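Below is one structure, written out as structure tokens, with a few remarks after it.
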């Protein structure tokens with residue numbers, strides 16, 4: 001009899017557990033975040049992204065080049081995450097065409113103006129133009145056009 005009552009108790013506990021499902025796992029903060037495109041917010045700064053067109057200019061005479069060669073000129077692995085992100089940032093700023101997985105990476109006219117300016121201060125004007133290309137950065141800077149930028153803590157909230 002004692003064995004039957006233990007089995008009955010186990011069945012009752014199993015039935016209760018089935019009726020009361022475990023709470024759903026909470027979503028991980030990383031999986032719940034909206035994804036941002038490099039076109040909106042590049043992973044690298046403009047100055048860092050300029051490494052890509054400079055590498056092409058200095059090593060390949062401004063000619064479109066395979067990503068493998070560009071990565072070598074930058075002392076980076078062509079399959080690494082940092083190389084993919086920096087080439088994506090260069091595209092987002094309008095400095096290059098093609099990124100790490102494209103057949104070629106070439107310098108755009110805007111990128112040439114930064115790397116090889118033909119007029120006084122044209123490189124500075126081209127950098128300003130490039131900085132305004134990514135959507136989120138451009139919208140933010142245009143909204144403060146002519147006004148002082150807010151302190152960092154406020155800017156983070158605005159962005």
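The values are calculated or read from the model by the stated rules, or taken from the named source; none is laboratory data. Model, not experiment: these values are computed from the prediction. Reconstructed Cβ throughout: ideal geometry from the backbone, glycine too, with neighbour counts over all protein chains shown.
Residue pairs, Cβ under 8 Å, 6 or more apart or interchain, first in the stretch 132-159 and at negative phi and touching a residue at least 40 places away in the same chain (Cβ under 8 Å), second assigned to a helix (DSSP H, G or I) and surrounded by 10 or more Cβ atoms within 10 Å (Cβ to Cβ). List them.
133/92; 134/92; 137/131
Looking only at the stretch 126-154, how many residues end up being surrounded by 14 or more Cβ atoms within 10 Å (Cβ to Cβ) and over 21 Å from the mean Cα position of the chain (by Cα)?
Adding up the residues that qualify gives 1.
Evaluate the following for residue 58: is it out of contact with any strand residue (DSSP E or B) (no Cβ under 7 Å at 6 or more places or on another chain), part of a loop (DSSP other than H, G, I, E, B) and more than 25 Å from residue 159 (Cβ to Cβ)? Break it down into steps so the answer makes sense when it comes.
On the way: out of contact with any strand residue (DSSP E or B) (no Cβ under 7 Å at 6 or more places or on another chain): yes; part of a loop (DSSP other than H, G, I, E, B): no; more than 25 Å from residue 159 (Cβ to Cβ): yes.
When the stated conditions are applied, residue 58 does not pass them.
Residues are listed down the side, and each one gets a yes or a no for (1) touching a strand residue (DSSP E or B) at 6+ places or on another chain (Cβ under 8 Å); (2) farther than 17 Å from residue 134 by Cα:
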| site | (1), (2) |
| --- | --- |
| 65 | yes, yes |
| 68 | no, yes |
| 77 | no, yes |
| 83 | no, yes |
| 88 | no, no |
| 93 | no, no |
| 99 | yes, no |
| 106 | yes, yes |
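How many residues does the stretch 61-111 hold that are assigned to a helix (DSSP H, G or I) and more than 14 Å from residue 46 (Cα to Cα)?
12
Suppose we keep only residues that are in contact with a helix residue (DSSP H, G or I) (Cβ under 6 Å, 6 or more places away or on another chain) and in a loop (DSSP other than H, G, I, E, B) within the stretch 112-141. Which one would you say is nearest to residue 43 (Cα to Cα)?
Top of the filtered list is 134.
Among the residues of the stretch 147-159, write down those that are in a loop (DSSP other than H, G, I, E, B) and at pLDDT 80 or above.
Once the filter is applied, which keeps residues that are in a loop (DSSP other than H, G, I, E, B) and at pLDDT 80 or above, the stretch 147-159 yields 147, 148, 149, 150, 151.
How many of the residues in the stretch 40-54 are farther than 19 Å from residue 112 by Cα and more than 8 Å from the chain's Cα centre (by Cα)?
Looking only at that region, the number is 1.
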